1. Estimate the FRET efficiency between GLN60 and PHE98 by the formula 1/(1 + (r/R0)^6), using the beta-carbon distance for r and 35 Å for R0, to the nearest 0.05.
2. The list [x] 18.3; [y] 12.4; [z] 13.2 gives values of mean projected area of the Cα convex hull in nm², and only one came from this structure; which label was calculated from it?
3. Taking only the C-alpha atoms, wrap a convex hull around region 165-230 and report its volume per residue in Å³ as a whole number.
4. Kindly state, to the nearest 0.05, the FRET efficiency for GLU125 paired with GLN26, given R0 = 30 Å and r defined as their beta-carbon distance.
5. Roll a 1.4 Å probe over the protein chains and send me the accessible area per residue for region 94-166 in Å².
6. Over the chain, what percent of the accessible surface lies on carbon and sulfur atoms, probe 1.4 Å?
7. Using modelled amide H (1.01 Å from N, peptide plane; none on Pro or chain starts), what sits under 5 Å from the amide H of THR86, excluding residues fewer than 5 places away?
8. According to a simple spin-label model (label point 7 Å from Cα along Cα-to-Cβ), what is the distance in nm between ASP228 and ALA135?
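The values are calculated or read from the model by the stated rules, or taken from the named source; none is laboratory data. This one's a predicted model, so the numbers in the text were calculated from it and none came from an experiment. Heads up, the Cβs are rebuilt from the backbone with ideal geometry, glycines too, and the neighbour counts pull from every protein chain shown. Side chains included, ligands, DNA and RNA excluded: accessible areas come from the protein's heavy atoms. Shrake-Rupley method; radii C 1.70, N 1.55, O 1.52, S 1.80 Å.
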Amino acid sequence: MPTQKISPRPVLPALDEMRPPTVTDQVFEQLYKRVIDLTLPPGSKLSEAEVAATMGVSRQPVRDAFYRLSQQGFIEIRPQRATVVTAISEEAILQAQFIRLALETACLRKAVERLTTEHLAALDELVERQEEAVAGDKRAEFHALDDQFHHDICDYSGLEFAWTLIKETKGHMDRARYLSLSFGAARALAEHRDIMRALHARDAERAVIACEKHLGRIAEIFPRLRADNPNAFGRD
């Protein structure tokens, strides 16, 4: 019986190469960023017509972007009334935190096994850049470096898909994190250093405990965030 030949595995392009961002994608990303960094704070009113005119696009991609944002819980579309940015939801934050903890602690266990010397050096450099951002009170820069730190741990562990899943839900945490940067960035930096010490020591349990402490901090600061920003939070 002749041996069946197996065709070589096809080389497939990355998703970004297959489908460039649509106009709707671009409108969504711009609005999402402004909701997350509180440039559009809770209660802000949004108009399809105004957004379309400002961005130089038709109203349809704006309408589609609004729908996506509403499905994620960031805006409320009210027929015949203004669309508004929703209040920050404690329930949504805790749900996002649960997902992040489950996925990131799993990534840390793999990271202990898989991180190379070069990976550790790159993460150390990120932490040093975070320290510079904290010293200069560059909050947006610190937030971006914070995200990169967590993303790169997932990536270096061979589990970047986990970060894709995290990113889909973490926006609710991010709004609260932005509010906390005025007093919480230095503490977050210290907790990143704790995670790095555990990774350098190849101590998975210590890394997981450090991550749980780090991501669990959000629940501890709710009272202060609510007191300082009474109009930003919902009543859930």
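1. According to the calculation, E is roughly 0.45.
2. Calculated mean projected area of the Cα convex hull in nm²: the matching label is [x].
3. 86
4. 0.45
5. 49
6. 53
7. GLY43, ILE75, GLU76
8. The modelled label-to-label distance comes out at 2.3 nm.
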